[in-house]
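So the structure is just underneath, and the comments pick up after that.
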Amino acid sequence: MREQSTKTFCLTTLGCKANQYDSSAMEEILAALPGYRAVTFPGPADVCIINTCTVTANSDTQSRGLIRRARRFNPNAVVIVTGCYAEVSSAELSALHEADYVLGNPAKGEIASYVQRGRRAGAPLVAEGADAEQGRGVPWSLRARTASGRTRINLKIQDGCDMSCSYCLIPRARGHSRSLPLVDLEAEIGEIVERGFKEIILTGIHLGAWGRDLTPPRDITALMEFIESKKYPCRFRVSSIDPDEVTEDFVELISGGRSICNHLHLPLQSGDDRILKLMRRRHDSGLFSRVVTTLVERVQGIAIGSDVIVGFPGEGQREFENTYALLKDLPIAYLHVFPFSPRSGTAASALPGRVDGLEIKKRCALLRALGEEKKKDFCERFIGTSAEVLVEGTRDRETGLAYGKTGNYINVLIEPEAKDGGGADRVPHENELLTMRLKGPMWAKGLRGEITRPSSSSSEESRKEVL
């Protein structure tokens, strides 16, 4: 019998963890096709898939660059563009002519059929997908069972968004908020645990909205309570929730729990209340400040990160200084800083009071410098303490040492464990959860770690001694 020839595919992803999850699921679908195997983007490959993001104009630019790169490296390949940029700007992408197919988010689950159709002659085919009539969004049938080579696995439990932030296109790209039912969520966690993952990242487009559309309705705190009750042999990380979703019950749960990492990402966007109203955010600066202060006071060692948009229309010097002062005074662990990007069709794109581009760059630089200072201050607080560190698969290019991550999101460069009485040093292995003594001096991304003993997520006595 004649052997079937092998075909290769590559896939690259921009944007959020939900998009990363979708890419993992599409990769699994294609890897299951007879004769197909994955290669690293940009190939060479027979099929190239670009899973795009459209949260900013820069995301669009990066997406177009990757599409052109895929075609340049693979002139005879099937090139498929999908994701949020493809969902909201399909005509724009079709005009590029580098792609064979432009697939909306609902069509992600049908990726195999478009791959098997092969190259197209002429303009790209634009497809919304069979689930498009149910509202834009990725179908729940598209589920990932692997982590695409990552040590820490994403688990998408929510998709879509019902908020109407004035600057954001994502509700148009992802559709209404939808939650993975608890029975399905429990089954998928069980499968992930059986495969040996030590950290599960709960992710979604608006994660804090999980459960509101279920019957009966639930909320994110109820989900955390469920996870804590199960005593899974792994840790869980909450990717991002809004400040107004951090309730007293939520704080109580993570302050006394054992499964949820002491790390939260709380988007601020602006520290000026007038700008927050223009953004249509549901919190004000006072609420954000109270939530951060409460969490730091009651959750041991918690890392709190935040997003900030710089140069939103109407942001003058006073409004920017309000943002800077708020963040400077609060115990934030790190910042993600984004220049305002007007998105066509959003309310913010029509607002007066545009900020000069050079001024936006200056303000971004000031906030990024503050973010680096905050990160340094946060990490240095833990020098000399013990922490559970999950060993990841990547290694430092300069030293060859492994990286790891603590529960409170500190990156750790792991020193080999010296053997008593000589012999070879013990080298940590990926996916090991080890107790380490954190050490200075800081390196570019975090702290150094000295192994003190293997850890166990089921050992209560061990966990009391670590962060």
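The values are calculated or read from the model by the stated rules, or taken from the named source; none is laboratory data. All values derive from a computational prediction rather than experimental measurement. Here the Cβ positions follow ideal geometry from the backbone for every residue, glycine too, while neighbour counts run over all protein chains shown.
Look at P75 and say whether it is touching a Ser or Thr at 6+ places or on another chain (Cβ under 8 Å) and either within 29 Å of Y167 (Cα to Cα) or not basic (K, R) (or both).
No: the conditions fail for P75.
Can you find a residue in the stretch 374-394 that is more than 30 Å from V299 (Cα to Cα) and outside any loop (DSSP other than H, G, I, E, B)? Break it down stepwise before answering.
First, pick out the residues of the stretch 374-394 that are more than 30 Å from V299 (Cα to Cα): none.
No: zero hits.
Out of everything in the stretch 182-207 that is in a helix (DSSP H, G or I) and of a type in the set (G, A, S), what residue ends up being nearest to P139 (Cα to Cα)?
Applying the first criterion (in a helix (DSSP H, G or I)) to the stretch 182-207 yields 182-194, 207.
Next, from what is left, pick out any that are of a type in the set (G, A, S): 187, 190.
Values: A187: 18, G190: 22 Å.
It comes out as A187.
Among the residues in the stretch 213-227, are any among the charged types (D, E, K, R) and in contact with a His (Cβ under 9 Å, 6 or more places away or on another chain)?
Of the stretch 213-227, the ones among the charged types (D, E, K, R) are 213, 218-219, 225.
With the extra rule that they be in contact with a His (Cβ under 9 Å, 6 or more places away or on another chain), the set shrinks to 213.
Yes: one or more hits.
Restricting attention to the stretch 281-298, which residues are closer than 21 Å to P339 by Cα, more than 23 Å from the chain's Cα centre (by Cα) and not polar (S, T, N, Q)?
D284
Please go through the stretch 172-181 and pick out each residue that is within 21 Å of L223 (Cα to Cα) and not in a strand (DSSP E or B).
Once the filter is applied, which keeps residues that are within 21 Å of L223 (Cα to Cα) and not in a strand (DSSP E or B), the stretch 172-181 yields H176, S177, L180, P181.
Of the numbered conditions (1) within 20 Å of the chain's Cα centre (by Cα); (2) part of a strand (DSSP E or B), Y409 satisfies every one except a single condition; which is it?
(2)
Could you list, in sequence order, all residues of the stretch 220-244 that are of a type in the set (K, R) and either at positive phi or within 18 Å of the chain's Cα centre (by Cα) (or both)?
K231, R235, R237
So for the stretch 136-151 (the condition being within 16 Å of C48 (Cβ to Cβ) and among the charged types (D, E, K, R)), does at least one residue qualify?
The answer is no, given that none of the residues of the stretch 136-151 is within 16 Å of C48 (Cβ to Cβ) and among the charged types (D, E, K, R).
Please state which one of T52, T61 is β-branched (V, I, T), at pLDDT 95 or above and in contact with a helix residue (DSSP H, G or I) (Cβ under 9 Å, 6 or more places away or on another chain). Write out each step before concluding.
Working: T61 fails: in contact with a helix residue (DSSP H, G or I) (Cβ under 9 Å, 6 or more places away or on another chain).
None of the other options fit; the residue is T52.
Taking only pairs six or more apart or across chains, which ones have beta-carbon atoms under 6 Å, a first residue in the stretch 16-36 that is in contact (Cβ under 8 Å) with a residue 24 or more places away in the chain and in the same structural domain as L169 (by TED's automatic domain parsing), and a second residue that is among the charged types (D, E, K, R) and in a helix (DSSP H, G or I)?
none
Give the residue, chosen from A77, A57, A91, A38, that is surrounded by fewer than 20 Cβ atoms within 10 Å (Cβ to Cβ) and more than 29 Å from F338 (Cα to Cα). If you could, list the steps in order and put the result at the bottom.
Values: A77 fails: surrounded by fewer than 20 Cβ atoms within 10 Å (Cβ to Cβ); A57 fails: more than 29 Å from F338 (Cα to Cα); A91 fails: more than 29 Å from F338 (Cα to Cα).
Just a single option satisfies the conditions, and that option is A38.
Go through the stretch 260-276 and count every residue that is touching a residue at least 60 places away in the same chain (Cβ under 8 Å) and in a loop (DSSP other than H, G, I, E, B).
Here the count works out to 2.
When you look at N19, is it farther than 28 Å from G204 by Cα, modelled with pLDDT of 95 or more, surrounded by 17 or more Cβ atoms within 10 Å (Cβ to Cβ) and out of contact with any helix residue (DSSP H, G or I) (no Cβ under 6 Å at 6 or more places or on another chain), yes or no? Walk me through how you get there before you give the answer.
Details: farther than 28 Å from G204 by Cα: no; modelled with pLDDT of 95 or more: yes; surrounded by 17 or more Cβ atoms within 10 Å (Cβ to Cβ): yes; out of contact with any helix residue (DSSP H, G or I) (no Cβ under 6 Å at 6 or more places or on another chain): yes.
The answer is no for N19.
I'd like to know if the stretch 233-248 contains one or more residues that are of a type in the set (S, T, Y), under 30 Å from E319 (Cα atoms), part of a helix (DSSP H, G or I) and touching a residue at least 12 places away in the same chain (Cβ under 8 Å).
no
Among the residues of the stretch 312-339, which ones are in a loop (DSSP other than H, G, I, E, B), surrounded by fewer than 21 Cβ atoms within 10 Å (Cβ to Cβ) and touching a helix residue (DSSP H, G or I) at 6+ places or on another chain (Cβ under 8 Å)?
P313, G314, L330, P331
Can you pull out the residues in the stretch 122-163 that are among the small types (G, A, S), modelled with pLDDT under 95 and farther than 23 Å from V79 by Cβ?
Once the filter is applied, which keeps residues that are among the small types (G, A, S), modelled with pLDDT under 95 and farther than 23 Å from V79 by Cβ, the stretch 122-163 yields G135, G137, S141, A147.
For the stretch 407-428, state whether one or more residues are of a type in the set (V, I, T), touching a Pro at 6+ places or on another chain (Cβ under 8 Å), modelled with pLDDT of 80 or more and outside the structural domain of P331 (by TED's automatic domain parsing).
yes
Which condition number in (1) outside any strand (DSSP E or B); (2) in contact (Cβ under 8 Å) with a residue 40 or more places away in the chain is the one that V308 fails?
Failed condition: (1).
Restricting the search to the stretch 196-217, which residues are touching a residue at least 24 places away in the same chain (Cβ under 8 Å) and farther than 21 Å from H265 by Cα?
Hits for the stretch 196-217 are G196, F197, D213, L214.
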